[in-house]
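Written out below as structure tokens is the structure these notes cover.
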Amino acid sequence: MVKTETLEVPTKGHCDIVDITSEVQQAVAKSGLSNGTVTVFNVGSTAGITTIEYEPGLVNHDINAAFEKIAPQNGRYEHEETWHDDNGHAHVRATMLGPSLVVPFCKQQLTLGTWQQIVLVDFDTRRRTRKIICQMMGE
Ligand code: ZN
């Protein structure tokens, strides 16, 4: 069986890292499915989904610092020439992180580690409300 839920998640942009673990866990519980997988998918091309140890060093500094080396905010991007906007780095970063994540669940519980949270990372340059699709497949 397949069940789909949509989350709406407000973000501050600028590499804002939002813990959505409890929302995803609630979607799994609500589905009524016992065992299967949940695909967590961000709609849009300037944010991504991954897992992280949700602690301040990583969340407030290290991840942004790493992406700043790979795709600096003040770099030059053809995308910005095309659209006359300021988020070329956000598109590049989101592409590298990827828009989705698949997590197995057993007995209605996500099989995450103790120090592993599901996060939405918003690289865009403004506040947004993100639409996140949680699609559960299982039995
Ligand atoms: Zn753009």
Checklist entry - If one takes the longest principal axis of the Cα atoms in the chain, at what angle in degrees, from 0 to 90 and to the nearest 10, does the Cα axis of helix 88-97 lie? => result 30
Checklist entry - Expressed in nm to one decimal, what extension gain is obtained for the pair THR50 and HIS14 from 0.36 nm per residue of sequence separation less their Cα-Cα distance? => result 11.3 nm
Next on the checklist: Could you report the chain's accessible area per residue, 1.4 Å probe, as an integer in Å²?
Outcome noted: 55
Checklist entry - Carbon and sulfur: what percent of the chain's accessible surface (1.4 Å probe)? => result 53
Checklist entry - When DSSP beta bridges are limited to those with both residues in region 2-138, what percentage is antiparallel, rounded to the nearest 5? => result 100
Checklist outcome for this item: Semi-axes (Å, rounded, descending) of the ellipsoid equivalent to region 2-138 per its C-alpha gyration tensor are 29, 16, 11
Item to check | the chain: calculated mean residue ellipticity at 222 nm from DSSP helix runs of at least 4, using -39500 (n - 2.57) | outcome: -7000 deg cm²/dmol
Next on the checklist: Under the 0.36 nm per residue contour assumption, what length would be gained going from the current alpha-carbon distance of GLU68 and GLU80 to full extension?
Outcome noted: 2.6 nm
Item to check | Relative contact order of the chain, defined on C-alpha pairs under 8 angstrom at six or more residues apart (%) | outcome: 55
Item to check | Packing rank of 93-104, 119-130, where each peptide gets the mean count of other beta carbons within 10 Å, highest leading | outcome: 119-130, 93-104
Item to check | Estimated FRET transfer efficiency when R0 is 22 angstrom, pair GLN109-VAL2 (beta carbons, to 0.05) | outcome: 0.70
Checklist entry - Once you list every other residue whose beta carbon is under 13 Å from the beta carbon of ILE133, what net charge do they have if Lys and Arg are +1 and Asp and Glu are -1? => result 0
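The values are calculated or read from the model by the stated rules, or taken from the named source; none is laboratory data. Quick caveat, the model's predicted, so the values are computed rather than measured. Cβ atoms come from the backbone with ideal geometry, glycine included; neighbour counts cover every protein chain shown. Please note that ligands, DNA and RNA were not included when accessible areas were found on the heavy atoms of the full protein model with its side chains. Shrake-Rupley method; radii C 1.70, N 1.55, O 1.52, S 1.80 Å.
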